[in-house]
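Asker: Okay, here's the structure, questions in a sec.
Quick note: the coordinates plus some simple rules give every number you see, no bench work behind them. Since we're looking at a predicted model, the values are computed, not measured.
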Amino acid sequence: MDMDSTLISIECIDELGELAGKKAEVAALTAQAMRGEVDYPASLRRRVAAIAGLAEHSLTRVYEERLKLTPGVEVLLAACRKHGVQVLLVSGGFTFFTERLKARLGIDHTISNVLEVKGGRLTGLLVGEIVDADAKARKFRQVMAGLQAEKQQTVAIGDGANDLKMMAEAGFSVAFRAKPAVRAQAGCALDWSGLDAVVNLFE
């Protein structure tokens with residue numbers, strides 16, 4: 001599943017944008033990217049550049065003060081553990097958050113972007129390859145192969161255009177409070193419920 005606005009209720013980059021005094025600019029770019037209106041890697045670079053100079057401890061502030069789990073997350077993850085379902089958290093967001101959520105929630109696999117930090121401040125750059133729609137789908141296939149899982153044994157949950165390629169790899173896809181383009185292509189759309197509703201889709 002996706003992280004921002006799916007596993008968690010916020011977009012971390014937008015919250016960092018607010019701390020940098022640029023929330024309107026950053027949030028507008030995020031919304032365009034999630035609707036599939038702009039190139040995702042280019043949009044992400046612009047948003048990360050906008051928060052250059054922000055103190056590294058701002059990441060901790062967002063995690064501790066603003067990040068909230070989407071209702072029903074714990075129920076969904078408990079059901080996964082009970083039935084031996086491995087969980088992959090994919091994010092066009094940042095490793096700072098995915099790694100903490102992985103440890104906190106017992107998630108099996110993650111993939112996300114790495115923010116460059118120098119002298120205790122964000123440089124406005126990313127380290128390594130950008131996690132975009134193709135990277136999400138590729139990681140999904142890698143985990144499937146490692147588990148020797150068939151397509152029909154997999155589920156993908158997302159909300160934005162950069163989740164669509166991953167969702168197309170899955171046996172069943174769930175658009176969670178998603179953008180119209182994602183809802184149109186998913187096997188199921190959940191608009192009002194929590195993530196625990198995903199459990200109700202399966203016997």
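Asker: Tilt of helix 73-82 relative to the longest C-alpha principal axis of the chain, in degrees (0 to 90, nearest 10)?
Answerer: Roughly 50 degrees between the two axes.
Asker: May I ask for the angle, rounded to the nearest 10°, between helix 133-147 and the longest principal axis of the chain, with both axes built from Cα atoms and the value confined to 0 to 90°?
Answerer: Compared with the principal axis, the helix lies near 40 degrees.
Asker: Compute the acute angle (0 to 90°) between the alpha-carbon long axis of helix 95-105 and the principal axis of greatest extent of the alpha-carbon atoms of the chain; round to the nearest 10°.
Answerer: 40
Asker: So how long is each side of segment 77-134 along the principal axes, counting just the alpha-carbon atoms, biggest first, in Å?
Answerer: Projected onto its principal axes, the Cα set of segment 77-134 covers 44, 27, 11 Å.
Asker: For segment 12-201, what proportion of DSSP beta bridges, expressed in % and rounded to the nearest 5, is antiparallel? List each step's numbers first, then the result.
Answerer: Details: 5 of 16 bridges.
Looking only at bridges with both residues in segment 12-201, the antiparallel portion is about 30 percent.
Asker: Which of the aspartates and glutamates could be linked to Lys22 by a straight reach, that is with a Cα gap under 12 Å, when you skip same-chain ones fewer than 8 residues away?
Answerer: By straight Cα distance, Lys22 reaches Asp14.
Asker: Expressed in nm to one decimal, what extension gain is obtained for the pair Leu147 and Asp39 from 0.36 nm per residue of sequence separation less their Cα-Cα distance?
Answerer: On the way: separation 108, 0.36 × 108 = 38.88 nm, distance 3.18 nm.
Gain on extension, Leu147 to Asp39, equals 35.7 nm.
Asker: Express the Stokes-Einstein translational diffusion coefficient of segment 71-178 in µm² s⁻¹, to the nearest whole number, given a Kirkwood radius over alpha-carbon pairs, 4 °C and a viscosity of 1.567 mPa s.
Answerer: On the way: Rh = 14.9 Å.
Answer from the Stokes-Einstein relation: 87 µm²/s.
Asker: Additional query: Evaluate the relative contact order of segment 12-162 (contact order divided by residue number), counting alpha-carbon pairs under 8 angstrom at least 6 apart; express in whole percent. Don't jump to the answer; show the numbers that get you there.
Answerer: Details: 187 pairs, mean separation 38.3, N = 151.
With pairs under 8 Å counted, the relative contact order is 25 percent.
Asker: Can you tell me the mean projection area, over all orientations, of the convex hull of segment 142-187's alpha carbons? Units nm², please. Present the calculation step by step, with values, prior to reporting the outcome.
Answerer: Working: hull surface 11.5 nm².
Over all viewing directions, segment 142-187 projects a mean Cα-hull area of 2.9 nm².
Asker: Using only the alpha-carbon atoms, what does the chain span along each of its principal axes? Please give whole angstrom values in decreasing order.
Answerer: Principal extents (largest minus smallest coordinate, Cα): 49, 33, 32 Å.
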